[in-house]
1. What residue, of 29, 22, is within 25 Å of residue 118 (Cα to Cα) and in a helix (DSSP H, G or I)?
2. I'm trying to understand the selection: among the residues of region 104-116, which are surrounded by fewer than 22 Cβ atoms within 10 Å (Cβ to Cβ), out of contact with any strand residue (DSSP E or B) (no Cβ under 6 Å at 6 or more places or on another chain) and not in a loop (DSSP other than H, G, I, E, B)?
3. All but one of (1) closer than 17 Å to residue 127 by Cβ; (2) under 16 Å from the mean Cα position of the chain (by Cα); (3) surrounded by fewer than 16 Cβ atoms within 10 Å (Cβ to Cβ) hold for residue 89; state the number of the condition that does not hold.
4. Scan region 82-96 residue by residue and report those that are in contact (Cβ under 8 Å) with a residue 24 or more places away in the chain and in a helix (DSSP H, G or I).
5. Does any residue of region 49-62 turn out to be over 29 Å from residue 23 (Cβ atoms) and free of Cβ contacts under 8 Å to residues at least 12 places away in the same chain?
6. Give region 10-19 a look and list any residue that's free of Cβ contacts under 8 Å to residues at least 12 places away in the same chain and assigned to a helix (DSSP H, G or I), or say none.
7. From 165, 134, which residue is at pLDDT 55 or above, surrounded by 13 or more Cβ atoms within 10 Å (Cβ to Cβ) and in a loop (DSSP other than H, G, I, E, B)?
C-alpha cells in the first residue's frame, strides 16, 4: 500500500498508523536480536553480517517495504524505508540495509526492466539476495561524473575506471558466471545493463 498525497502534505491517520506499525515492527525485530555481544561476534567474523537478523527482517516482510507490490514487495515508500534504517541505526545492527535496499533495490525498481526486477527484487524481499552500488566516485566528484564509465561494445559493455568504495561488495549477489547488473548513464538517461564477466 503506497503512501498517498503530496510528499509535502501531512500523512493521513491511516498512513500514520501504517508508519507506526512499520516502526514498531522494525524496532521489535532488531532490538529483539541485537545486543553488544552479538554485534561484537558478527564484527569479528569475515562476512560482518548477522544472517539470522537478515532472515528475521525478511520473515517480518521488512526488506520489501519500498519495493512495489508488483515486484513482491509491500509497495510502501521512502518514509517507511527510513523508519527501518532508523531502527537499524539505533541498534547498530550489522545488516546491509543501506547497500541492498537504498543503493541496490531502489534504482532497480525505478530503472530496471521487468525481467531484471523479476530476477532480483523477489530475492531481496525474501532475504536471499544482497545488492550494492558503486557510487562513491560520483558522490566525491566535483563534476558529479561517475568514476567508472560504461562504453557499448559488440558483445555488451566495457567498464573503465576505478571505484574505491563499494558498500558490502563482498556480500553482493551476482548472476551465474559472475555477471554484474550495472546502472549506466547513457545519453542523458539512466538504464540498467548486464555487464560482462567480473
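1. None of the other options fit; the residue is 22.
2. Within region 104-116, 106, 109, 110, 114, 115 qualify.
3. Evaluating residue 89 over (1) closer than 17 Å to residue 127 by Cβ; (2) under 16 Å from the mean Cα position of the chain (by Cα); (3) surrounded by fewer than 16 Cβ atoms within 10 Å (Cβ to Cβ) leaves (1) as the failure.
4. Answer for region 82-96, where residues must be in contact (Cβ under 8 Å) with a residue 24 or more places away in the chain and in a helix (DSSP H, G or I): 83, 84, 86, 87, 88, 90, 91.
5. no
6. If the condition is that a residue be free of Cβ contacts under 8 Å to residues at least 12 places away in the same chain and assigned to a helix (DSSP H, G or I), then 13, 14, 16, 17 are the ones that fit.
7. None of the others qualify; the one that does is 134.
The values are calculated or read from the model by the stated rules, or taken from the named source; none is laboratory data. These figures come from a predicted structure and were not determined experimentally. Cβ: placed from backbone, ideal geometry, glycine included. Neighbour counts: every protein chain shown.
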